[in-house]
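Worksheet: one structure, shown below.
None of the figures in this text is laboratory data; all of them are computed from the coordinates on show. Remember, predicted model here, so these are calculated numbers, not experimental data. Please note: Cβ atoms are built from the backbone with ideal geometry, for glycine as well, and neighbour counts cover all protein chains shown.
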Amino acid sequence: MAVLNFIFLGPPGAGKGTQAEIIAKKHGLVKISTGDILREAVKNGTELGKLADGYMKAGELVPDEIMLGLIEEQLEKIDKGFILDGFPRTVKQAEGLDELLKKKNMPLKAVILLDVPDEEIVKRLSARRVCPNCGAVYNMIYNPPKNDEICDVCGTKLVQRKDDNPETIKRRLAVYHEQTAPLIDYYKEKGLLVRIDGTGEPEKITRAIEEVIFK
Ligand code: AMP
């Protein structure tokens, strides 16, 4: 069977979640978004949520051991292939993932880096709104809902993520450059990295990613 396991890498707000959602749905892959899983845990007040909440509000990373445990659980659910959105975020997580994937005989096909400059990230995250009911994501500049701040899908009033405020955005970007960006070289050395321009029309970016997936 063809290998269809991918990592989507890039700064917060690069479009990883949006693209992972579209491509996973279209091609029958499982999207694993660690940010979504953690936000759900916080909402439900689970042990994991209580633990993660403070880190997330501050724009810091949740400890590696917790994240690796969470990913191991998620990998049990894979059939055709997966897209990891927001994981790994440190070299330690990447090494742990390598071990897990080896054990499960699930090789990666590619690591897709969505490249977006910092100035653009700050603009995007400040204008991002999400639906607290169905999870749909909007951008008030590039992709606004039809009615002011109301979800097109389910009619719920949109909200801003707690960590999409100027101070936390700054910290998340710094954390990305310090702790996550080293993964670019990590996967480049393994011959897995594919860089894709993450600016411009979302449809254009989807097509560029699909070219990699079916190469
Ligand atoms: P995201 O939705 O991917 O931007 O993630 C939101 C927040 O969840 C991050 O700022 C971190 O606090 C936490 N988080 C998500 N994924 C990870 C991960 N792989 N490692 C550590 N923390 C994470």
- Name the trypsin sites (Lys or Arg not before Pro) in region 163-205 that are in a loop by DSSP and that have at most 14 other C-beta atoms within 10 Å, would you? 190
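Greater than 32 Å separation of Cα atoms is the criterion. Which listed pairs, 104/157; 26/190; 170/204; 146/204; 31/146; 102/170, meet it? Kindly include the intermediate steps, with their values, before the conclusion.
Numbers: 104/157 42 Å; 26/190 28 Å; 170/204 28 Å; 146/204 22 Å; 31/146 27 Å; 102/170 36 Å.
Beyond 32 Å between Cα atoms: 104/157; 102/170.
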- Taking every DSSP bridge whose two residues both lie in the chain, the antiparallel percent to the nearest 5 is 25
- Scale the Cα Rg of the chain by the rule-of-thumb value 2.2 N^0.38 Å and send over the ratio, two decimals. 0.98
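Grab the DSSP H runs of the chain that are 4 residues or longer, score each as -39,500 (n - 2.57), total them, divide by all residues and round the 222 nm result to the nearest 500 deg cm²/dmol.
Values: 9 runs with 98 residues, N = 215.
Counting only the DSSP helices, I get -14000 deg cm²/dmol.
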- Enter the Cα centre distance for the pair region 67-101 and region 162-204, rounded to the nearest angstrom. 17
